[in-house]
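Just below is one structure, and these are the notes that go with it.
The values are calculated or read from the model by the stated rules, or taken from the named source; none is laboratory data. Keep in mind that what you see is a predicted model, and the values were worked out from it rather than measured. A quick note on method: Cβ atoms are made from the backbone with ideal geometry, for glycine too, and the neighbour counts reach across all protein chains shown. Please note that ligands, DNA and RNA were not included when accessible areas were found on the heavy atoms of the full protein model with its side chains. Shrake-Rupley method; radii C 1.70, N 1.55, O 1.52, S 1.80 Å.
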Amino acid sequence: MLSTARGLTAGRLTGFANLQHRLKTCAVKARTQRGAARATEPAYGSTRSLEGEAPRTWSERMPRRHPRTSGDVAWAAPSPRHGVSLLLAVTVALVVAARAAEAVHIVLVGDSTVSETDGWGPGFATFLDKDVKLSNRAKNGRSSSSFVTEGLWKEALALDGDYYLIQFGHNDEPGKPGRSTTVEEYRDTMNRYVDDVRAKGAVPVLVTSLVRRQFSDPAAPQRLVSTLDARAEIVRDIARAKKVPLVELHDRSLALCERLGSEGCGSLSPRKEDGSVDTTHLNAAGAKVFGEIVADELRRAVPELESKITVKPPADGSPVDPGLGHAAVVLREFIAPRGWPTLSCHASTICEAAPGKFVAAWFGGTAERNPDVEIWVSRHDGRRWSDPAMVITGADATGHREPCWNPVLFQGRPDGPLFLYAKIGPTPRDWWGVACESGDGGATWSGPRRLPEGVIGPIKNKPLVRRDGTVIAGCSTEHDGWRVHFERSDDGGRTFVAGKPVNVAPGTKGEPPPAGVAKERLIDAIQPSLLELGGDRLLAVGRTRQGRIFEVETADGGKTWGAMRLGSLPIPSSGTDAVTLADGRHVIVYNHTKSAARTPLDVAISRDGTTWTPVVALETMAGSFAYPAVIQSSDGLIHITYTWNREAIMHVVIDPATLP
């Protein structure tokens, strides 16, 4: 076990790490304050131009430093009343540094899919620093219950590990005499593992089960059929309730296997005596692949172990995982360099302003919700992206500032202006909508106008422009639970009329659930995208808090909507976007996981809008890759933009002709 000198609990260490992070964030914010320079900027509502600005040197493009800074650290003269805080910060830094330098003992507990002979354990070991002691006590054929009754758990606890990674599920399923458990027994036993580890003063880490690589659905041969969903969800529930670090191996292995397909998964699998493929256990290559996923998840779930794990992004910060080498990926590029023109950026949107010419926008500042967050725009002239320019600021005529949010670009009519809608306000609960427009393809913009009360405009994703000229915007609100509604425009997108919410959320007050719908089946839903199913049939899909995308249909062009339901694709609570292609297929970009992580970022394709096949992985490394926007350009290519680790906006081009 950890020595007395380093006897701080992991929870306290995590708290100290968070304190260090906050201190560092404060220093970053301090050195990027814009001070008096803000006084010369146009106020809210003034006209902005992206052309004719004086060229800037590279140093002028970087965030301005606070006058009292040196290098990468912001310094301030300490005062006596800050002495205690300074002493605490120094103590924390010394403790964390000492903790990182100490040897760590990790114990693996589980079944054959973790074991040294048939599981991911040996591959996981290759990603650990040499000073990490790893004890793999996983045993073939054991369930959560039999591992305890055979005394194996007692032996594992006696090893006095610092961290216990615990994965069971395969042998808990029905049909395994002496090992099978009911879901209630499984929940009780997994809770016991957590309690026993904590009683020893160590840190439990729960692992959702490695998926079986079984492609057994004849109706969807590219879809993997998992029998471990229910037990994986129990593990997630325990992790949430007991605040236990979680390694999401089930969903990440499922996403990877569906991308690889049956043939690709065969290269990770051993062969049985009869020569058939073993779809449960792993060969050496499989151990390395899935061991890396576990290592990657662990370094994010337990931050104090990050220095002990060698799974790291490239040192030069270049984009990684270019669609896993998929032939469909034509181009990957940053719209602007990382960390410029603002330290943080998020929630991009893209529109084709003219054939082969594009406009992208996003919000950027020191960090989301800060008053210096503004709407930035860049134009692509067919050769390169222009330097980003700020178009909407949250400053009013008095100089008071509020953060800007979620820009949306679209063109409602071929001969009409380019619209840029956005939100301004302290939080999504109380923001308001604004809109500005450009008559020259995004080169210059009108000042933003505030939308009427009760109208918010497109909330995150592009609206749907119908053949009759009607523009339907997917909208949502968060002040009375997460609720979706739609707004319609008959003047090409200049003005909208809001409809009623189409769902009752769990947090909605004063409105009962629809008849026949139990309260526990209500859905928190926001940020819809609209797909065309033919005629007046439309399908909206989007983000929920329930672990899967939502779906809601209309048969009359959006005038009335049916009951909302959960779709098949897993997502965290993160934004999605979707588009109907010219050939009738549908594409969605989303995070294929139920964990809190906004990775991996995937592209899936569908012919009916409800049955989806993941086809391209845009990102799979640890990080935050989210809030995509997707369009099809006039030449038939798919253009996707998304947030890259909150440091940059990534632009990816995909050729749909190579997709199934």
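Worth pointing out:
- Summed residue charge, Cβ within 11 Å of D278's Cβ, Lys/Arg positive, Asp/Glu negative: +1
- Here each label is just a point 7 Å from Cα along the line to Cβ, and for E273 and K509 those points are 6.7 nm apart.
- Solvent-accessible area, 1.4 Å probe, carbon plus sulfur percent, for region 544-660: 50 percent
- Rolling a 1.4 angstrom probe over region 314-440 with all protein chains present gives an accessible area of which 53% lies on carbon and sulfur atoms.
- Value in Å of the Kirkwood radius, where region 463-622 supplies the Cα pairs that are averaged: 16.2 Å
- Label separation (E155 vs R338): 4.5 nm, computed from points 7 Å beyond Cα along the C-beta direction.
- Diffusion coefficient, µm² s⁻¹, Stokes-Einstein with Kirkwood Rh over alpha-carbon pairs of region 99-200 at 20 °C and 1.002 mPa s: 152 µm²/s
- Using only alpha carbons, region 536-612 has a radius of gyration to Kirkwood radius ratio (Rg to Rh) of 0.98.
- Neighbourhood charge, 14 Å Cβ-Cβ cut-off, centred on V502 and excluding it, Lys, Arg +1 and Asp, Glu -1: -2
- Loop-resident GluC sites (Glu not before Pro) (DSSP state other than H, G, I, E or B) in region 111-176 with no more than 13 further Cβ atoms inside 10 Å of their Cβ: E150.
- Accessible surface of region 116-213, 1.4 Å probe: 48 percent of it comes from carbon and sulfur atoms.
- Residues whose amide H comes within less than 5 Å of that of R545, counting only those at least five positions distant or on another chain, are D524 (H built at 1.01 Å from N in the peptide plane).
- Under a 5 Å amide H cut-off, with hydrogens placed 1.01 Å from N, Y164 pairs with V107, V203, V205 among residues at least 5 apart or on other chains.
- For region 138-275, a simple Cβ point-charge model (Lys and Arg +1, Asp and Glu -1, everything else neutral) yields a dipole of about 160 debye relative to the Cα centre.
- In this structure region 362-460 gives 36 Å² per residue of accessible area when probed at 1.4 Å with all protein chains present.
- More than 17 Å apart - percent of Cα-Cα pairs taken over region 527-660: 56 percent
- Here K423 is the anchor, and the lysines within straight C-alpha reach of less than 27 Å, apart from those fewer than 8 places off in the same chain, are K29, K357, K460, K462, K500, K509, K559.
- Neighbourhood net charge (9 Å Cβ-Cβ; Lys/Arg +1, Asp/Glu -1) for G394: -3
- FRET efficiency, 1/(1 + (r/R0)^6) with R0 25 Å, evaluated for R494 and R384 via beta carbons: 0.20
- Solvent-accessible area per residue in region 505-647 equals 34 Å², computed with a 1.4 angstrom probe and all protein chains kept.
- Note on R537 and T427: their simple-model spin labels are 4.1 nm apart, each label 7 Å out from Cα toward Cβ.
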